[in-house]
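Each remark here refers to the structure printed beneath this line.
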């Protein structure tokens, strides 16, 4: 999604109906407006952001919001490999390969499950842990800076960058596990707190 889908989506939609998994949350509405314009001109239909989140988790948030209207929703991603974030790191000049794990902050998740209605943003709920293989001759400190300052992916998050060799990456980080939880914490009356929880745990995604 970082570079490809923004260009490929409208191009393909000018000829065919499309389904994609565009996942840059901050850009979804702008992307939809672009596809809507293309679709009207080309008489095509486009379904966007059909992955886990945005996608399936979005539906779960909607359903739980309807069931518990007086409440707050919390989404915790991971622990697992974010393919989009891993790909974004690989596009940094000097990076040979990379894996990025999205890790929920367990202490924050525990507070929510214990009934604390907290005001949280994505940065408050997650840590991003990166394993990066660097090509010979490139400055690791500069690469780390570029990763941590990447908007829509790492900027604002607690981000840990670990530099490893290619053998270690293949041996210890070749899998694609992922998961997450959508939690709705609310009240059905002044004396009754309710929790709706949807969980996902995948050994491989895909």
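For the range 117-150, a residue qualifies if it is assigned to a helix (DSSP H, G or I) and within 16 Å of the chain's Cα centre (by Cα), and the qualifying residues are 122, 123, 124, 125, 147, 148. Just one of (1) farther than 30 Å from residue 131 by Cβ; (2) surrounded by fewer than 17 Cβ atoms within 10 Å (Cβ to Cβ); (3) assigned by TED's automatic domain parsing to the domain that holds residue 147 fails for residue 19. It is (3). Give the residues of the range 101-116 that are modelled with pLDDT of 95 or more and not in a helix (DSSP H, G or I), sorted by residue number. Listed by number, the residues that qualify are 101, 102, 103, 104, 105.
Could you tell me which of the residues 135, 91, 148 is in contact (Cβ under 8 Å) with a residue 60 or more places away in the chain and under 27 Å from residue 3 (Cα atoms)?
Values: 135 fails: in contact (Cβ under 8 Å) with a residue 60 or more places away in the chain; 148 fails: in contact (Cβ under 8 Å) with a residue 60 or more places away in the chain.
91 is the lone residue from the list that is in contact (Cβ under 8 Å) with a residue 60 or more places away in the chain and under 27 Å from residue 3 (Cα atoms).
Among residues of the range 95-107 being more than 17 Å from residue 153 (Cβ to Cβ) and free of Cβ contacts under 8 Å to residues at least 60 places away in the same chain, the one that is surrounded by the most Cβ atoms within 10 Å (Cβ to Cβ) is 105. Do we find a residue being in contact with a helix residue (DSSP H, G or I) (Cβ under 9 Å, 6 or more places away or on another chain), farther than 23 Å from residue 3 by Cα and at pLDDT 95 or above anywhere in the range 46-54? No, every residue in the range 46-54 fails to be in contact with a helix residue (DSSP H, G or I) (Cβ under 9 Å, 6 or more places away or on another chain), farther than 23 Å from residue 3 by Cα and at pLDDT 95 or above.
Taking the condition of being in a strand (DSSP E or B) and surrounded by 14 or more Cβ atoms within 10 Å (Cβ to Cβ), how many residues in the range 42-59 meet it?
Going residue by residue through the range 42-59, those that are in a strand (DSSP E or B) are 46-47, 51, 55.
With surrounded by 14 or more Cβ atoms within 10 Å (Cβ to Cβ) added as a condition, the list becomes 46, 51, 55.
The qualifying residues number 3.
Any idea which residue in the range 121-152 is surrounded by the fewest Cβ atoms within 10 Å (Cβ to Cβ), counting only those that are closer than 30 Å to residue 191 by Cα and at pLDDT below 95? That would be 121.
Only one of 89, 67, 127 is touching a strand residue (DSSP E or B) at 6+ places or on another chain (Cβ under 9 Å) and within 21 Å of residue 8 (Cβ to Cβ). Can you tell me which? Lay out the reasoning, then the answer.
Numbers: 67 fails: within 21 Å of residue 8 (Cβ to Cβ); 127 fails: within 21 Å of residue 8 (Cβ to Cβ).
Of 89, 67, 127, the one residue that is touching a strand residue (DSSP E or B) at 6+ places or on another chain (Cβ under 9 Å) and within 21 Å of residue 8 (Cβ to Cβ) is 89.
The values are calculated or read from the model by the stated rules, or taken from the named source; none is laboratory data. Remember, it's a predicted structure, so these values are computed and weren't measured experimentally. Note: ideal-geometry Cβ built from the backbone for every residue, glycine included; neighbour counts use all protein chains shown.
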